[in-house]
Amino acid sequence: AQTVTQSQPEMSVQEAETVTLSCTYDTSESDYYLFWYKQPPSRQMILVIRQEAYKQQNATENRFSVNFQKAAKSFSLKISDSQLGDAAMYFCAYRSRHGGSQGNLIFGKGTKLSVKP
Amino acid sequence: DTGVSQDPRHKITKRGQNVTFRCDPISEHNRLYWYRQTLGQGPEFLTYFQNEAQLEKSRLLSDRFSAERPKGSFSTLEIQRTEQGDSAMYLCASSYTAQGLNEKLFFGSGTQLSVL
């Protein structure tokens, strides 16, 4: 079974600085998706960034980028120029690309990010 | 596009009672998912529908839980004989995808269930 581990329960960053959130996962599959989701106090999960495992190039979305290390099964999120609105819970998630488990996301326990003004 | 809507936002019930939650997905989204999130944890998959067909159910979905999606539009999640361990936030998500490729899930704001 696949698992996702986020080893940092809480992180803090100064406004305008850069922070990196860690995520490792375990799978025997070679083709899958990885995601970072943001959950603000409003509770709605919002997709931040997505990476396809077959792509070697790291995904980037504006101030958000990932460091995808497939062999190490590591998928970290870097937030540059942190803003107050970035404060939220961040969840790393895995999804199989094929087979019966295609329909569901497997989430880590989350990292609570605080942004200091 | 008004997003994924869930009702109610909060539900307090007594142990042993039945509860039903509703999810209205984004119009024309063919897939609908239910997740459960307990305090300090990430969401856990419960079940999903492709149109009106329920294609996958997690082992977390005990016999007391039932989900429906009549006509492939809105969905309901019913919990019978609620237990205190059912207290959690129940999240709904929807997506449009062909063959499961390039799928992007849109989540609702959840229904927070408290069982006393």
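Since every read-out is calculated from the coordinates, none of them should be taken as a lab result. Please read these numbers as outputs of a predicted model, since none were measured by experiment. Quick reminder, even Gly has a Cβ in these numbers, built from the backbone with ideal geometry, and neighbours come from all protein chains shown.
In table form, for the structure just shown:
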{"quantity": "Rg to Rh quotient for chain B, alpha carbon positions, Kirkwood Rh", "calculated": "0.96"}
{"quantity": "Residue list for the range B:43-57, given a label point 7 angstrom along the Cα-to-Cβ vector of residue B:81 and an amide N cut-off under 18 Å", "calculated": "none"}
{"quantity": "Within the range A:1-71, trypsin sites (Lys or Arg not before Pro) in DSSP loop having at most 16 other beta-carbon neighbours inside 10 Å", "calculated": "A:55, A:63, A:70"}
{"quantity": "Cross-link pairs A:73/A:112; A:78/A:109; A:55/B:57; A:109/B:104; A:70/B:104 - those with Cα-Cα distance over 25 Å", "calculated": "A:55/B:57"}
{"quantity": "For the range B:75-89, 3J(HN,Hα) per residue [Karplus equation, 6.51 cos²θ - 1.76 cosθ + 1.60, θ = phi - 60°, Hz, x = Gly/Pro]", "calculated": "10, 10, 10, 10, 10, 9, 6, 4, 10, 4, x, 7, 4, 4, 9"}
{"quantity": "Loop-exposed GluC sites (Glu not before Pro) per DSSP, neighbour cap 14 Cβ within 10 angstrom, longest uninterrupted part of chain B", "calculated": "B:84-116"}
{"quantity": "Only Lys, Arg (+1) and Asp, Glu (-1) charged, at Cβ; the range A:3-116 dipole about Cα centre in debye", "calculated": "180"}
{"quantity": "For A:38-50, mean number of other protein chain Cβ atoms within 10 Å", "calculated": "4"}
{"quantity": "Label-point separation in nm, residue A:72 to residue B:55, each point 7 Å along Cα→Cβ", "calculated": "3.4"}
{"quantity": "Residue A:3-residue B:64 pseudo-label distance in nm [points 7 Å out on the Cα-to-Cβ vector]", "calculated": "2.7"}
